[in-house]
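Asker: Shown below is the structure under consideration.
The values are calculated or read from the model by the stated rules, or taken from the named source; none is laboratory data. Note that the coordinates shown come from a computational prediction; the quantities given were computed from them, not determined experimentally. Here the Cβ is made from the backbone with ideal geometry for all residues, glycine too, and neighbour counts use every protein chain on show.
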Amino acid sequence: MEKRTFGNTGFQVSVLGFGAAPAAYLKADRDRVAKMLNDLIDNGMNFIDTAASYPGSEEFLGEAISHRRKDFVLVSKCGTKQPGLEGENWSASLIKQSVERSLRSLKTDHLDVLLLHSCDLATLKKGEALGALVEARKAGKIKFAGYSGDNEAAAYAADLPDVAVIETSINITDQRNIDLVLPKAKQNNIGVIAKRPIANAAWKPIANQPGMYQNYAKEYTERFQKIGLNASDLGFADNDWPEIALRFTLSQPGLHTAIIGTTNPANAQANLDAANKGPLTKEVVQKIRDAFRKADPNGTWTGQT
Ligand SMILES: NC(=O)c1ccc[n+]([C@@H]2O[C@H](COP(=O)([O-])OP(=O)(O)OC[C@H]3O[C@@H](n4cnc5c(N)ncnc54)[C@H](OP(=O)(O)O)[C@@H]3O)[C@@H](O)[C@H]2O)c1
């Protein structure tokens with residue numbers, strides 16, 4: 001599995017990462033998903049993203065993989081009220097408690113990266129929330145601080161000296177951050193994580209989207225229809241969309257890892273295989289970029305949180 005230098009953090013991260021938000025909605029399938037995740041790590045995937053606000057996700061990871069903590073870069077997020085945390089959203093006090101809660105749940109003594117979980121620009125500018133991450137870094141509880149979010153807030157965060165990592169939405173149906181955030185991140189040598197990297201499988205009919213994805217994937221599904229690309233025009237077959245989507249995201253300069261959310265072992269294996277094929281050709285990337293611009297000529301499609 002290709003590894004990329006993760007900004008100035010010193011980590012070498014696999015281009016395919018694991019987004020553990022869906023792990024939050026697991027009940028019966030914990031053992032199957034734990035095996036899937038361990039198999040991914042055995043196959044070179046070394047990057048895992050979770051959050052204090054994904055119910056059960058940190059606990060699941062603590063049970064499934066904390067025994068091999070050295071094998072992966074661990075990212076969590078914080079900032080909003082969660083069970084057991086007291087205080088205002090984005091306050092230093094709440095974030096301090098959140099760090100301790102994440103460490104307990106994840107069964108580890110440090111996080112590699114802790115991100116502010118999509119606070120708005122005003123909260124970023126206020127500085128208290130990011131200051132709490134800096135304190136956690138000084139105390140050795142986290143190695144690097146960063147921001148997860150989109151659009152102007154992510155572009156602003158990419159210029160802050162204490163921000164070492166940005167997580168932002170980049171995919172075939174969500175391309176604004178490619179122009180707004182990636183160039184600044186590259187210039188400042190920031191580690192970049194693509195969230196929602198295969199557009200929530202926007203090629204699927206919305207009726208076939210599972211659970212929470214029915215609402216969540218709606219915007220991307222509508223955009224995908226409007227963009228109207230045919231896989232055959234890109235030199236692929238219709239059932240290649242997961243591969244096209246992942247490889248498009250991994251083709252963007254300055255981006256290091258794509259954290260696909262899956263709980264399906266067959267899809268996890270397909271994603272590994274697709275990641276191992278490397279970026280798309282420049283021509284195919286350009287066709288997808290052109291089709292997006294044509295479908296949204298006035299730039300109204302903002303990055304989706
Ligand atoms: N604000 C934030 O910080 C924020 C916001 C959103 C997401 N995130 C992070 O980003 C991660 C990924 O985002 P996401 O899960 O929303 O989007 P995503 O990875 O783009 O899409 C996930 C969807 O794609 C499907 N899928 C995965 N591999 C597939 C394949 N090979 N073929 C067909 N379908 C496939 C999954 O279904 P199956 O389970 O059936 O495979 C799931 O429905 C999250 O887990 C979370 O860690 C962060």
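Asker: Here is a list: Asn271, Asn230, Asn239, Asn264. Which entry is within 14 Å of the ligand (Cβ to nearest atom), out of contact with any strand residue (DSSP E or B) (no Cβ under 9 Å at 6 or more places or on another chain) and either at pLDDT 95 or above or closer than 29 Å to Asn189 by Cβ (or both)? Explain how you work it out, then say what you get.
Answerer: Values: Asn271 fails: out of contact with any strand residue (DSSP E or B) (no Cβ under 9 Å at 6 or more places or on another chain); Asn230 fails: within 14 Å of the ligand (Cβ to nearest atom); Asn264 fails: either at pLDDT 95 or above or closer than 29 Å to Asn189 by Cβ (or both).
Only one candidate passes the filter, namely Asn239.
Asker: Tally up the residues in the range 281-302 that are crowded, with 17+ Cβ neighbours inside 10 Å, of a type outside the set (Phe, Trp, Tyr) and either within 16 Å of the ligand (Cβ to nearest atom) or under 17 Å from Lys195 (Cα atoms) (or both), please.
Answerer: 1
Asker: Residues of the range 17-35 being more than 10 Å from the ligand (Cβ to nearest atom) and closer than 16 Å to Asn267 by Cα, which ones?
Answerer: Asp29, Arg32, Ala34, Lys35
Asker: Take the conditions closer than 15 Å to Leu74 by Cβ, crowded, with 22+ Cβ neighbours inside 10 Å and at pLDDT 95 or above and apply them to Leu103. Does it pass? Working first, answer last.
Answerer: On the way: closer than 15 Å to Leu74 by Cβ: yes; crowded, with 22+ Cβ neighbours inside 10 Å: no; at pLDDT 95 or above: yes.
No.
Asker: If you don't mind, another one. If you go through the range 259-292, how many residues are out of contact with any Leu (no Cβ under 6 Å at 6 or more places or on another chain) and either aromatic (Phe, Trp, Tyr) or not in a helix (DSSP H, G or I) (or both)?
Answerer: Number satisfying all stated conditions: 12.
Asker: Continuing with this model, one more query. What number of residues in the range 6-50 are outside any loop (DSSP other than H, G, I, E, B), surrounded by fewer than 24 Cβ atoms within 10 Å (Cβ to Cβ) and of a type in the set (D, E, K, R)?
Answerer: Result for the range 6-50: 6.
Asker: Still on this model: Given the criteria within 11 Å of the ligand (Cβ to nearest atom), under 16 Å from Lys287 (Cβ atoms) and either more than 18 Å from the chain's Cα centre (by Cα) or surrounded by 15 or more Cβ atoms within 10 Å (Cβ to Cβ) (or both), does Thr168 qualify?
Answerer: Numbers: within 11 Å of the ligand (Cβ to nearest atom): yes; under 16 Å from Lys287 (Cβ atoms): no; either more than 18 Å from the chain's Cα centre (by Cα) or surrounded by 15 or more Cβ atoms within 10 Å (Cβ to Cβ) (or both): yes.
No.
Asker: Can I ask one more? Any residue in the range 222-248 that's among the acidic types (Asp, Glu): show its pairings with residues that are within 12 Å of the ligand (Cβ to nearest atom) at Cβ separation under 7 Å, as long as the two are six or more apart or on different chains.
Answerer: Glu243/Ala274
Asker: Between residues in the range 253-265 that are farther than 13 Å from Ala275 by Cβ and residues that are part of a loop (DSSP other than H, G, I, E, B), which pairs lie under 7 Å by C-beta distance while being six or more apart or on different chains?
Answerer: Every condition considered, the pairs that remain are Gly261/Ala21; Thr263/Leu26; Thr263/Asp29.
Asker: Regarding Gly254, is this residue touching a Pro at 6+ places or on another chain (Cβ under 9 Å), more than 16 Å from the ligand (Cβ to nearest atom) and either part of a helix (DSSP H, G or I) or over 21 Å from Pro210 (Cα atoms) (or both)? Lay out the reasoning, then the answer.
Answerer: Values: touching a Pro at 6+ places or on another chain (Cβ under 9 Å): yes; more than 16 Å from the ligand (Cβ to nearest atom): yes; either part of a helix (DSSP H, G or I) or over 21 Å from Pro210 (Cα atoms) (or both): yes.
Here the answer is yes, as Gly254 does meet what is asked.
Asker: Being out of contact with any strand residue (DSSP E or B) (no Cβ under 8 Å at 6 or more places or on another chain) and over 22 Å from Asn189 (Cβ atoms): is that true of Glu58 here?
Answerer: In short, no.
Asker: Could you grab me the full set of residues in the range 138-165 that are surrounded by fewer than 18 Cβ atoms within 10 Å (Cβ to Cβ), in contact (Cβ under 8 Å) with a residue 24 or more places away in the chain, away from the ligand (no atom under 16 Å from the Cβ) and farther than 13 Å from Leu116 by Cβ?
Answerer: Of everything in the range 138-165, those that are surrounded by fewer than 18 Cβ atoms within 10 Å (Cβ to Cβ), in contact (Cβ under 8 Å) with a residue 24 or more places away in the chain, away from the ligand (no atom under 16 Å from the Cβ) and farther than 13 Å from Leu116 by Cβ turn out to be Gly140, Asp159.
Asker: Here is a follow-up. Those residues that are more than 15 Å from Val15 (Cβ to Cβ) and among the charged types (D, E, K, R), I need them from the range 220-259; list them, please.
Answerer: Hits for the range 220-259 are Glu222, Arg223, Lys226, Asp233, Asp238, Asp240.
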